[in-house]
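What follows is a single structure, written as structure tokens, with notes after it.
Just so you know, all these numbers are worked out from the coordinates, no wet-lab data involved. Everything quoted here is computed from the prediction, not taken from an experiment. Here Cβ is always computed from backbone atoms with ideal geometry, including for glycine, and neighbour counts include all displayed protein chains.
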Amino acid sequence: MSRMDVSHILDGLNNAQREAVTAAPGPMLVLAGAGSGKTRVLVHRMAWMIEVEGVSPFSLMAVTFTNKASKEMRGRVEQLQGSSPHGMWVGTFHGIAHRLLRAHWKEADLPQQFQILDSDDQYRMIRRVLKGLELDEARWVPRQIQGFINARKDEGQRPQHVDAGSDPIRQQLVSIYAAYEAACKRAGVIDFAELLLRSLELVRDNDELRNHYRNRFQHILVDEFQDTNTIQYAWIRLLSADKHGRGAQLFVVGDDDQAIYGWRGAKVENILTFQHDFPNSLVVRLEQNYRSTGNILNAANGLIAHNEDRMGKSLWTDGVDGNLIQLYAAFNEHDEARYIIDRITEHVSNGNPRADIAILYRSNVQSRVFEEKLMQQGIPYRVYGGLRFFERAEIRDALNYLRLVNNRNDDPSFERVVNQPTRGIGNKTLDAVRNTARLADISMWQASLQLIENGDLTARAQNALEGFLKLIIQLNEDTKPLELFEQTEHIIHASGLIDHYAKEKGEKAEARVENLQELVSAAKGFEFEPEDGEEMEPLTAFLTHAALEAGEGQADAWEDCIQLMTLHSAKGLEFPLVFMCGMEEGLFPHQRSAEEEGRLQEERRLCYVGITRAREQLVLSYAEHRRLYGKEIYPMPSSFISQIPAQYIDEIRPKAQASSYSNNYRTASNVTKSALGNETGFSLGQRVLHQKFGEGIVLNYEGQGKSARVEVNFDQAGSKWLVLNYANLQPI
DNA sequence: CTTGCAACACTTTTT
DNA sequence: GTGTTGCAAG
């Protein structure tokens with residue numbers, strides 16, 4: 001090999017990173033701690049392969065879990081390389097699986113224009129199947145069935161593979177699974193799990209194709225390897241090099257300490273399996289952290305050390321120790337929010353951007369209090385999660401019209417839009433259609449035609465149904481010559497969808513109309529970029545895009561605002577100032593995870609993920625009293641707090657005096673409020689009304705008799721000390 | 001087919 | 001406490 005300048009690839013890498021990037025081709029496991037520069041390693045590894053090893057980008061594949069991650073990876077490769085290397089496959093597992101299935105739809109036994117069923121479509125489909133089987137939804141809960149089917153698929157099991165034994169419930173589940181598969185096939189649709197399973201079967205059962213791709217891909221890089229499920233790993237494994245070196249070299253990067261998706265089928269064990277499957281694999285640990293202060297890292301290390309079955313890793317930094325982690329014991333969730341927002345206000349008034357600040361919580365309900373108070377104070381914030389653009393009802397309606405116009409046998413779409421807007425096709429008519437479809441094993445469209453032809457319906461129903469069929473046929477004719485965005489525009493108008501929403505009142509309806517218009521813009525701006533030999537109808541490409549990339553959450557115009565999100569959504573992100581709230585037993589670790597040791601360990605990893613999001617300052621908080629789902633609870637502080645070595649924690653108490661009370665309070669969590677016993681007649685956390693200041697919450701009290709005072713945090717006026725004798729507080 | 005009311009449940013989320 | 005869903009009446 002001639003000497004070449006590789007400094008741009010290697011400069012700035014530490015020893016471990018360098019070892020990973022420059023390792024000779026061969027199976028490789030990189031255990032990358034939080035903030036240790038794993039994306040960097042992946043990207044530089046690709047550059048190394050291309051520039052130094054002389055591997056063609058055509059022979060590289062890089063797989064991620066999210067679109068965001070794959071976009072970032074692609075962007076950074078371009079940045080490093082100066083241009084986008086062509087022929088390289090960078091994408092999500094689902095994206096790449098989809099690509100394979102489009103290319104080999106015949107071999108995969110799919111219709112050429114197959115559509116993707118997202119979770120919501122899938123749920124509806126399952127309910128239809130249950131109806132068809134005349135099963136009671138109360139007994140056969142669709143959500144559970146959906147979970148069952150997806151879990152089977154994630155394990156690689158078809159209905160015939162599931163061993164139901166003599167368990168009648170399980171046998172029934174399997175037959176529902178089979179009926180669901182048949183329905184999907186009839187409609188020409190496949191769900192998310194099916195994308196993966198089908199492409200696994202494709203390369204597993206088709207020698208020619210498998211050999212083709214094994215010849216093509218010399219290197220496969222996998223991000224977030226700890227999140228892979230059974231079939232994702234099996235799929236990579238199929239393409240990987242055998243003992244003769246034929247196939248791809250695997251370069252997998254992951255962190256067992258950040259495995260937080262076990263509940264959705266991810267198998268951390270794949271890390272161990274990998275080492276077993278590739279005994280000659282090289283293992284590199286990235287432990288130097290470039291994100292957080294020493295104290296934060298030590299806290300994280302201390303906590304995660306309580307987990308068993310770890311690969312073992314310890315983060316360190318050559319940076320400063322920084323501040324201690326602060327712990328605030330709040331009286332209740334309002335006090336917790338008040339404290340955090342006070343801190344935020346202070347931080348921002350020191351000239352820091354709001355976007356530097358994140359409030360992290362275990363479950364979405366917790367965002368409410370913060371939202372209320374932030375809104376009240378006019379502080380801009382953004383809540384992650386929630387419905388995304390392509391998941392909104394009106395958008396799904398429109399897309400389903402597009403789908404149905406494109407493929408009349410698409411039953412899920414038929415069902416969704418047949419009476420949206422209402423056009424007199426009620427349940428009775430639909431039941432007839434469903435029954436006919438089921439009995440004759442035909443689509444609802446065909447069944448409708450048959451019913452009309454045979455005159456099996458009442459005149460009214462027949463008219464309405466015929467009207468709908470004609471509408472779809474008309475839409476199809478009218479939109480044939482049009483561009484995608486014109487098709488979209490025509491369909492939302494001619495179907496009556498947009499009028500339907502325009503007639504509804506309220507802000508919500510207005511937003512829906514706007515969203516529909518936005519959909520037209522999205523279609524206009526949508527450009528399908530085919531890569532080596534990919535072919536897709538613009539409409540199919542657009543629908544695929546909608547299913548595979550549901551769009552941004554609250555895609556507000558970028559504004560400098562406080563970031564609110566669950567701990568799960570925070571994975572992969574970082575913020576200078578992080579608040580982790582609701583650090584309480586039952587909330588975090590969550591009640592439902594408490595019973596099993598394995599699930600508890602996953603909660604602990606989630607806590608570890610949260611801690612390692614913080615760059616400079618981490619603030620933990622818990623409430624001694626919380627209103628949750630309309631019930632009063634008096635939780636214990638999270639066990640995770642005590643599992644962080646005490647020397648890294650700085651306890652901030654509202655008032656020393658109050659804390660001793662509240663400590664008693666906590667240990668006697670089942671004792672009633674009156675047991676608090678003080679002379680003020682008010683209890684901590686109680687809501688009170690003041691003539692001038694309005695409503696507030698009792699935070700603290702001191703003194704006795706005439707001099708007794710209470711501290712009240714008023715919703716509007718803020719925190720004040722009041723002498724009880726004069727204040728005339730009313731309990732609420 | 002729409003409206004109203006009662007029952008219900010209530011981690012975490014990407015594709 | 002809130003939002004969604006199912007069922008029955010209008």
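Determine ³J(HN,Hα), in whole Hz, for all residues of region A:608-621 in sequence, where each value follows from phi through the Karplus function 6.51 cos²θ - 1.76 cosθ + 1.60 and θ = phi - 60°; x replaces Gly and Pro.
My calculation for region A:608-621 gives 4, 4, x, 4, 6, 7, 7, 8, 10, 9, 10, 10, 9, 8 Hz in order.
In what sequence do A:38, A:373, A:106, A:185 fall when counting other Cβ within 10 Å, fewest first?
The most exposed by this proxy come first: A:106, A:185, A:373, A:38.
Order these by the 10 Å Cβ neighbour count, fewest first: A:225, A:93.
Exposure proxy ranking, most exposed first: A:93, A:225.
Could you work out how much longer the chain between residue A:84 and residue A:560 gets when fully extended? Use 0.36 nm per residue separation minus the Cα distance between them, nm to one decimal.
Contour length minus Cα-Cα distance gives 168.3 nm.
Gain in length, residue A:691 to residue A:458, computed as 0.36 nm per residue apart minus the alpha-carbon separation, to one decimal in nm?
Between residue A:691 and residue A:458, full extension yields 77.2 nm more.
Run the quick spin-label model on residue A:592 and residue A:308: label points 7 Å from Cα toward the beta carbon, then report their separation in nm to one decimal.
Result: 2.6 nm between the two label points.
Go through A:490, A:551, A:536 and say which Cα lies farthest out towards the positive end of the charge dipole of region A:435-573; charges sit on Cβ, +1 for Lys and Arg, -1 for Asp and Glu.
Among A:490, A:551, A:536, the one farthest towards the positive end of the dipole of region A:435-573 is A:490.
Between residue A:524 and residue A:450, what is the label-point separation in nm under the 7 Å Cα-to-beta-carbon projection?
4.4
Considering the options A:56, A:36, A:89, tell which one lies farthest towards the positive end of the dipole of region A:32-115, charges being +1 on Lys and Arg and -1 on Asp and Glu at the Cβ, about the Cα centre.
A:36
Please list 3J(HN,Hα) in residue order for region A:444-461, calculated via the Karplus relation 6.51 cos²θ - 1.76 cosθ + 1.60 where θ = phi - 60°; whole Hz, with x for glycine and proline.
5, 4, 5, 4, 4, 4, 5, 4, 5, 4, 7, x, 7, 10, 5, 4, 5, 5
Rounded to the nearest 0.05, what FRET efficiency do residue A:725 and residue A:508 give with R0 = 35 Å and r taken as the Cβ-Cβ distance? Could you check?
Working from the Cβ atoms, E equals 0.10.
Within chain A, what percent of beta bridges assigned by DSSP are antiparallel, to the nearest 5?
30
What does the extension gain come out to for residue A:172 and residue A:53, with contour length at 0.36 nm per residue minus their alpha carbon separation?
Taking residue A:172 through residue A:53 to full extension adds about 37.4 nm, to one decimal.
Can you give me the C-alpha center-to-center distance between region A:100-150 and region A:399-473, rounded to a whole angstrom?
19
Provide the per-residue ³J(HN,Hα) series for region A:350-361, in order, calculated from phi with Karplus coefficients 6.51, -1.76, 1.60 and θ = phi - 60°, each as a whole number of Hz, with x at glycine and proline positions.
7, x, 8, x, 5, 5, 6, 10, 10, 10, 10, 9
Treating only the Cβ of Lys, Arg, Asp and Glu as charged (+1, +1, -1, -1), what charge dipole size does chain A show about its Cα centre? Round to the nearest 20 debye.
Charge dipole, chain A, about its Cα centre: 1140 debye, nearest 20.
To the nearest 20 debye, what is the magnitude of the charge dipole of region A:12-158 about its Cα centre, counting +1 on the Cβ of each Lys and Arg and -1 on the Cβ of each Asp and Glu?
My answer is approximately 200 debye.
Out of residues 5 or more away from residue A:90 or on other chains, whose amide H comes under 5 Å of its own, with H placed 1.01 Å from N in the peptide plane?
Placed amide hydrogens put A:62 under 5 Å from residue A:90.
What order, most packed first, do the peptides A:254-265, A:518-529 have when packing is the mean number of other Cβ atoms within 10 Å of each residue?
A:254-265, A:518-529
From Cα pairs below 8 angstrom and at least 6 apart in sequence, can you work out the relative contact order of chain A, rounded to a whole percent?
15
Counting Lys +1, Arg +1, Asp -1, Glu -1, what net charge surrounds residue A:248 among other residues with beta carbon under 11 Å of its beta carbon?
Computed value for this residue: +3.
Using Cβ contacts closer than 10 Å as the measure, can you line up A:48, A:558, A:235 from fewest to most?
Placing the least packed residue first, the sequence is A:558, A:48, A:235.
Charges on Cβ only, +1 for Lys and Arg, -1 for Asp and Glu, centred on the Cα centroid of chain A; of A:307, A:424, A:273, which one is farthest towards the dipole's positive end?
Going by the Cα projections, it comes out as A:307.
Loop-only check: which GluC sites (Glu not before Pro) in region A:284-362 are DSSP coil with at most 10 other Cβ within 10 angstrom?
A:308
Scan around residue A:562 for amide H atoms under 5 Å from its own, H built in the peptide plane at 1.01 Å from N, and keep only partners 5 or more places away or cross-chain.
Placed amide hydrogens put A:381, A:382 under 5 Å from residue A:562.
For a Förster distance of 41 Å, can you work out the FRET efficiency between the beta-carbons of residue A:277 and residue A:320, rounded to the nearest 0.05?
For R0 = 41 Å, the calculated efficiency reads 0.45.
With r defined as the distance between the Cβ atoms of residue A:138 and residue A:4 and R0 fixed at 51 Å, what FRET efficiency is calculated, to the nearest 0.05?
So the FRET efficiency works out to roughly 0.15.
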